[in-house]
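Asks: Please see the structure below; I have some questions.
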Amino acid sequence: MWSSVDRKDYTAISLGNPYGHYDNSKQVRSASLWRQWNRLSRLQRSVVWLIVILGALSCLYLVPSMLQDRDELDKLSKKPWHKDDVKAGDLNRQKEIKGPNLEELKRRAKKQLEDEKKTTLKIKKKGPPGKRLHDGSLQAPGGPRDGDKGQDNQQHAPPGEQNVVLTPVKDKKEADTNDVKGKVEAKYVSPAPVQTDGDPFSGPKNNQQKAVVDAFRHAWKAYKKYAWGHDQLRPISKDFEEWFGVGLTLIDSLDTMYIMGLKEEFKEARDWVANEMSLDVNRDVNLFECTIRVLGGFLSAYHLTKDQMFLDKARDLGDRLLPAFGSGSKVPFSDVNLKTHKAHPPRWGPDSSTSEVTTIQLEFRDLSKITGDPKYALAADEVTKHVHGLPKKDGLVPIFINARTGNLRSSGTITLGARGDSYYEYLLKMWVQSGKTNDMVKDDYVESVEGIKKHLVRLTEPNKLTYVGELLSGSMFSPKMDHLVCFLPGTLALGHINGLDPQHMELAKKLLYTCYQMYEKMPTGLSPEIAYFNQAPGAPDDIIVKPADRHNLLRPETVESLFYMYRFTGDKKYREWGWKIFLAFEKYTKLEEGYTSISNVMDVRNPRPRNKMESFFLGETLKYFYLLFSDDPNLIPLDKYVFNTEAHPLPIYSSL
Ligand code: DMJ
């Protein structure tokens, strides 16, 4: 039986037919549905309503997420064609993608998304929430603590992992001008003059520089928000860690901000140093690290601004560091307490690192020059003279030196990497700083380059990449190269521009190409901390990365060398390489707040972000990027300034 309401509706339907026909079949079907509905009990109707409501709700939830998935799928399927995203490590993937099977690609991309979601869930269960990187890949919270230069490089494969299966990186046939066979023209090509407003520090002049400044601002904003006045930002836990307890990142960044034209940021940081920073910290600091980052930071800020406050701070710090030289030998202790002035050898053993005791001279000599007090230079020069007189292997030094006896440990490894690197760098730079008057250090430098060529330089198989290996126990060759070694092309080029052998430039170019390959061949486009090079003819890959060496700490060395090489040659390829590296940093190390070092440069889906933004990322890496993308030779001209090993520019004097 129809109710009156049912009848009314039925009439409305029939009258609503715009064609005037009477569509009986539809109405009969509707009527029969109504009849069935009316026959249902109250309970049955409630169940039906519940099902309808649940269905509607799940549609509301699922449709947007399906659309989002589709969006992400589209992005992923487009990704390989984006020119900025193409990396050698992706070559295999590209090959597959270039084929016609788009469905297969989408299937894989979808699986990738599902895998990521699973990982997200796992991480959520474990502890603090993971973050999503800008490219959608997942960052895990926490991660191993990064150490200083020494600690970083102690993190090789743990015992038992030394001989695990190595992961070779696919090689790409080289089409670039590696100059392996060709002659290198050793001449300085001044960058094309650019229109400037006369002030080299007035800010970015092109889009690449703007992008670098944006990156700096992004890092700085996070540092300011979560770590202001502290040593280093932990960008995942959004807090900070102390090392020296003096505001390390802030001080390391001062001249970068000045150079980039970030005047407000610079002023705010300057005022913090003037009014709030205290050097009276009851902490043992590493003499080398504190000198290159903090003393170097004050000195360059002083030279750029002539602000007396920075000079006062530099002098105060110099006085607090000087007690490290009271070891009884000419070689300083590695550590000194800023408050108590007590100094001692490192906690981990009796010896100091050779590079550490020989990489304080530029700063201490500069401090003497500007204060007029010779005591700083005298202490540092004693070390140089002492090391000059020690026995070496064709100018090469083992990486440990004893502060009590003053002797090098003859069984120590010889390397241009950790603990050895900046010994060679400062030989050259002391000569440059002295207006090329200090022949003792120049001769030591030239001899060491000959030693490097004789004992350490080798070619890889199959592509004949030039690299610099190590001598274990001072004699056994190991085909291992730290990323740290990538400072060397820049230093060699600087030496050549100052009149040293053209062959230095030749070696610099080949080596820089290899350093670039350490980025280019990785799936993320970022270099591992350490690479091994293949020696065996017939093997397919030049570069081998051990599982424990896959981290990237946002280090500057390759960018630094690209900067020198671009300044000196004007060859645009160095900028292009630098731009690709910059984009890779943006893609895999940028977080919502700040940047982070990562644990695996070989996994694009999960590079395993660590929880640390090193001060040298702002002090060096971003500064060298900014300088690399500049065409203004007056932006820190290299005949007037010499960069310390932490990228703080110090003046070149006519004699020293
Ligand atoms: C910096 O502190 C300096 O460049 C040092 O010479 C080596 N290690 C870091 C950057 O990698």
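The values are calculated or read from the model by the stated rules, or taken from the named source; none is laboratory data. Nothing here was measured: the structure is a model prediction, and the numbers come from that model. Reconstructed Cβ throughout: ideal geometry from the backbone, glycine too, with neighbour counts over all protein chains shown.
Asks: Considering only residues that are of a type in the set (S, T, N, Q) and surrounded by fewer than 24 Cβ atoms within 10 Å (Cβ to Cβ), look in the range 409-424 and name the one that is nearest to the ligand (Cβ to nearest atom).
Replies: Top of the filtered list is T413.
Asks: Would you confirm whether any residue within the range 456-477 is farther than 26 Å from R550 by Cβ and touching a Lys or Arg at 6+ places or on another chain (Cβ under 9 Å)?
Replies: Yes, some residue in the range 456-477 is farther than 26 Å from R550 by Cβ and touching a Lys or Arg at 6+ places or on another chain (Cβ under 9 Å).
Asks: For the range 455-475, how many residues are assigned to a loop (DSSP other than H, G, I, E, B) and touching a helix residue (DSSP H, G or I) at 6+ places or on another chain (Cβ under 7 Å)? Working first, answer last.
Replies: Keep residues of the range 455-475 that are assigned to a loop (DSSP other than H, G, I, E, B), which gives 460-465, 469, 473-475.
Then drop every residue that is not touching a helix residue (DSSP H, G or I) at 6+ places or on another chain (Cβ under 7 Å), which leaves 465, 469.
Residues that pass the stated criteria total 2.
Asks: Can you tell me which condition L311 does not meet? The list is (1) part of a helix (DSSP H, G or I); (2) within 16 Å of the ligand (Cβ to nearest atom); (3) touching a residue at least 60 places away in the same chain (Cβ under 8 Å), and all the others hold.
Replies: Among (1) part of a helix (DSSP H, G or I); (2) within 16 Å of the ligand (Cβ to nearest atom); (3) touching a residue at least 60 places away in the same chain (Cβ under 8 Å), L311 violates only (2).
Asks: Here's a follow-up. Can you tell me which residues in the range 493-511 are under 17 Å from Y624 (Cα atoms) and either away from the ligand (no atom under 16 Å from the Cβ) or free of Cβ contacts under 8 Å to residues at least 12 places away in the same chain (or both)?
Replies: Of everything in the range 493-511, just one residue is under 17 Å from Y624 (Cα atoms) and either away from the ligand (no atom under 16 Å from the Cβ) or free of Cβ contacts under 8 Å to residues at least 12 places away in the same chain (or both), namely A493.
Asks: I need the full set of residues from the range 341-355 which are in contact with a strand residue (DSSP E or B) (Cβ under 9 Å, 6 or more places away or on another chain) and surrounded by fewer than 16 Cβ atoms within 10 Å (Cβ to Cβ), in order please.
Replies: Those that are in contact with a strand residue (DSSP E or B) (Cβ under 9 Å, 6 or more places away or on another chain) and surrounded by fewer than 16 Cβ atoms within 10 Å (Cβ to Cβ): K342, H344, R347, G349, P350.
Asks: Among the residues of the range 204-222, count how many are in a helix (DSSP H, G or I) and under 14 Å from D631 (Cα atoms).
Replies: Count: 4.
Asks: Let me ask you something else. Anything in the range 485-503 that is surrounded by 24 or more Cβ atoms within 10 Å (Cβ to Cβ) and touching a Gly at 6+ places or on another chain (Cβ under 9 Å)? List them, or say none.
Replies: V485
Asks: Right, next: Based on what the data block shows, is P537 more than 15 Å from the ligand (Cβ to nearest atom) and modelled with pLDDT under 95?
Replies: yes
Asks: Also, quick follow-up: Kindly check whether there is at least one residue in the range 525-546 that is in a helix (DSSP H, G or I) and surrounded by fewer than 24 Cβ atoms within 10 Å (Cβ to Cβ). Even if it seems obvious, please write down each step before you answer.
Replies: Looking only at the range 525-546, we keep the residues that are in a helix (DSSP H, G or I), and these are none.
Within the range 525-546 (the criterion being in a helix (DSSP H, G or I) and surrounded by fewer than 24 Cβ atoms within 10 Å (Cβ to Cβ)), the answer is no, since none of the residues qualifies.
Residue by residue, here is whether (1) at pLDDT 95 or above; (2) over 20 Å from I292 (Cα atoms); (3) away from the ligand (no atom under 16 Å from the Cβ) holds:
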| residue | (1), (2), (3) |
| --- | --- |
| Q361 | yes, no, no |
| L367 | yes, no, yes |
| H388 | yes, yes, yes |
| D394 | yes, yes, yes |
| Y426 | yes, no, no |
| K429 | yes, no, no |
| K436 | yes, yes, yes |
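Asks: Select from the range 195-247 the residues that are without any contact (Cβ under 8 Å) to a residue 12 or more places away in the chain and among the polar types (S, T, N, Q) and write down the one among them that is farthest from I636 (Cα to Cα).
Replies: Going through the qualifying residues, I end up with N207.
Asks: When the residues of the range 606-648 are narrowed to those that are within 16 Å of the ligand (Cβ to nearest atom) and assigned to a loop (DSSP other than H, G, I, E, B), which ends up surrounded by the most Cβ atoms within 10 Å (Cβ to Cβ)?
Replies: Going through the qualifying residues, I end up with H648.
Asks: Has the range 476-487 got at least one residue that is within 16 Å of the ligand (Cβ to nearest atom) and either in a loop (DSSP other than H, G, I, E, B) or more than 17 Å from Y532 (Cα to Cα) (or both)? Don't jump to the end; show me each part of the working.
Replies: Applying the first criterion (within 16 Å of the ligand (Cβ to nearest atom)) to the range 476-487 yields 481-487.
Among the residues that remain, those that are also either in a loop (DSSP other than H, G, I, E, B) or more than 17 Å from Y532 (Cα to Cα) (or both) are: 487.
Within the range 476-487 (the criterion being within 16 Å of the ligand (Cβ to nearest atom) and either in a loop (DSSP other than H, G, I, E, B) or more than 17 Å from Y532 (Cα to Cα) (or both)), the answer is yes, since at least one residue qualifies.
Asks: Looking at Y588, Y564, which one is in contact (Cβ under 8 Å) with a residue 12 or more places away in the chain, surrounded by 24 or more Cβ atoms within 10 Å (Cβ to Cβ), within 16 Å of the ligand (Cβ to nearest atom) and part of a helix (DSSP H, G or I)? Give the derivation first.
Replies: On the way: Y588 fails: within 16 Å of the ligand (Cβ to nearest atom).
Going through Y588, Y564 in turn, the sole match is Y564.
Asks: Only one of D571, D542, D549 is of a type in the set (D, E, K, R), away from the ligand (no atom under 16 Å from the Cβ) and more than 18 Å from Q209 (Cα to Cα). Can you tell me which?
Replies: When all the criteria are applied, what remains is D542.
Asks: Can you work out which of the residues in the range 290-333 that are polar (S, T, N, Q) and within 31 Å of the chain's Cα centre (by Cα) is nearest to P651 (Cα to Cα)?
Replies: It comes out as S300.
Asks: I would also like to ask the following. Anything in the range 384-397 that is more than 21 Å from A324 (Cβ to Cβ) and not acidic (D, E)? List them, or say none. Write out each step before concluding.
Replies: Taking the range 384-397 first, the residues more than 21 Å from A324 (Cβ to Cβ) are 391-396.
Within the range 384-397, P391, K392, K393, G395, L396 meet the criteria.
Asks: Taking D603 as meeting all but one of (1) surrounded by fewer than 24 Cβ atoms within 10 Å (Cβ to Cβ); (2) acidic (D, E); (3) assigned to a helix (DSSP H, G or I), write down the number of the exception.
Replies: Of the numbered conditions (1) surrounded by fewer than 24 Cβ atoms within 10 Å (Cβ to Cβ); (2) acidic (D, E); (3) assigned to a helix (DSSP H, G or I), the odd one out for D603 is (3).
Asks: Note down all Cβ pairs under 9 Å where the first residue falls in the range 420-435 and is over 12 Å from L492 (Cβ atoms), the second is within 15 Å of the ligand (Cβ to nearest atom) and modelled with pLDDT under 95, and they're at least six residues apart or on different chains.
Replies: Sorted first by the residue in the range 420-435, then by its partner, the pairs are D421/K149.
Asks: So is F616 within 11 Å of the chain's Cα centre (by Cα), within 18 Å of N207 (Cα to Cα) and at pLDDT 95 or above or not?
Replies: Working: within 11 Å of the chain's Cα centre (by Cα): yes; within 18 Å of N207 (Cα to Cα): no; at pLDDT 95 or above: yes.
Considered against the rule, which asks whether it is within 11 Å of the chain's Cα centre (by Cα), within 18 Å of N207 (Cα to Cα) and at pLDDT 95 or above, F616 comes out as no.
Asks: Output yes when any residue across the range 281-294 is more than 16 Å from the ligand (Cβ to nearest atom) and touching a helix residue (DSSP H, G or I) at 6+ places or on another chain (Cβ under 7 Å), and no when none is.
Replies: no
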